Amino acid sequence: MKIGIFSNPGSDSTRVSNALKSKIKAEHLTLDNGHPDILITVGGDGTLLSAFHHYEDQLASIRFVGIHTGHLGFYTDWRDYEVDELIDSLAHDNGQSVSYPLLDMLIEYSNGDRESRLALNESTLKKVTGTMLANVYIKDQLFELFRGDGLCVSTPTGSTAYNKSAGGAVISSELNVVQVSEIASINNRVFRTLGSPIIISPSEWVRIEPVQLDKSQVNDILMTCDQNMVENHRIKSVTYRISKQRIAFAEYRHTQFWKRVSESFIGVKPID
């Protein structure tokens, strides 16, 4: 089994990465950052998101393991002081895994170019200045005329991130769906939105067509794919749907989704 390590440059993460490398060699396991079977990320959720995009073309053959060296993350199950326990799990690996849905993005630019992207958490569309205007289609049928700060399209695991801050629902990671949430929508006689998050099934897709009134501007729409800015030509449309690809985690002790949500946002304890 080949093991890779993807770390952020912080001192704590560097220390943990060096300890991992030494212990992996001592267990006669193979270190391979090029084409790993298991990829250990050291840092936090941001580090894991970076690793996901770095190894995006190898998702079918990689299982991820996250070590957090700061605050508790949604994708990182191990603490920085648990390296020995993790090494023991690696040594006794039997291929166990759990997988989560991903988001497919098809971006069409006004010059005719197309680009496909994959997101683990979410994608957002916003305007540089002022409010964003957009036609929103579901399965190629016009659904609403949007006016507001922007739109957020998220996966179930990404529903706990920016989507939640925008008023979206937290969705079980076992559901293979996409969520669209409005960011500060404006409703009047011309522009009417549902005013609620919507859930898109695996057989459906949503297409967002930004309306750019000033044709002289090169591009006044900001788009993100997870923590990355998508910078290119003027955007004509973006089509979102649940991906056929999934991200897999080595299920040595992968934290149950709702337990993770409760511990991260509520910290509830039973009443005696």
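Looking at region 230-263 only, could you name the residues that are over 14 Å from E115 (Cα atoms) and under 17 Å from the mean Cα position of the chain (by Cα)?
Correct list: R241, I242, S243, K244, Q245, R246, I247, A248, F249, F257, R260, V261.
Does region 151-169 hold any residues that are under 11 Å from the mean Cα position of the chain (by Cα) and assigned to a loop (DSSP other than H, G, I, E, B), and which are they?
Within region 151-169, T155, P156, A161 meet the criteria.
Which fully enclosed strands (runs of 3 or more DSSP E) of region 170-272 have 3 or more residues being touching a strand residue (DSSP E or B) at 6+ places or on another chain (Cβ under 6 Å) and assigned by TED's automatic domain parsing to the domain that holds D113?
The qualifying strands (runs of 3 or more DSSP E) are 178-185, 198-200, 206-210, 221-225, 235-250.
Which members of region 121-165 meet the condition of being among the hydrophobic types (A, V, I, L, M, F, W, C) and crowded, with 21+ Cβ neighbours inside 10 Å?
If the condition is that a residue be among the hydrophobic types (A, V, I, L, M, F, W, C) and crowded, with 21+ Cβ neighbours inside 10 Å, then L125, M132, A134, F146, L151, C152, V153, A161 are the ones that fit.
Among the residues of region 38-54 satisfying the criterion of being buried (at least 20 other Cβ atoms within 10 Å of the Cβ) and of a type in the set (S, T, Y), which is modelled with the lowest pLDDT?
The residue in question is T47.
Could you tell me how many of the residues in region 124-149 are among the polar types (S, T, N, Q) and in contact with a Gly (Cβ under 9 Å, 6 or more places away or on another chain)?
2
In the list I107, I87, which residue meets the criterion of being under 22 Å from N228 (Cα atoms) and not polar (S, T, N, Q)?
I107
N219 versus (1) at pLDDT below 80; (2) touching a helix residue (DSSP H, G or I) at 6+ places or on another chain (Cβ under 6 Å): which is the lone unmet condition?
Condition (2) is where N219 drops out.
Does region 56-74 contain at least one residue that is of a type outside the set (K, R), modelled with pLDDT under 95, within 14 Å of the chain's Cα centre (by Cα) and surrounded by 16 or more Cβ atoms within 10 Å (Cβ to Cβ)?
yes
If I ask for residues that are in contact (Cβ under 8 Å) with a residue 12 or more places away in the chain and either part of a helix (DSSP H, G or I) or surrounded by fewer than 22 Cβ atoms within 10 Å (Cβ to Cβ) (or both), which ones from region 27-37 would you list?
Within region 27-37, E27, L29, T30, L31, D32, N33, G34, H35, D37 qualify.
The values are calculated or read from the model by the stated rules, or taken from the named source; none is laboratory data. All values reported here derive from a predicted model rather than from experimental measurement. We place every Cβ from the backbone using ideal geometry, glycine too, and count neighbours over all the protein chains shown.
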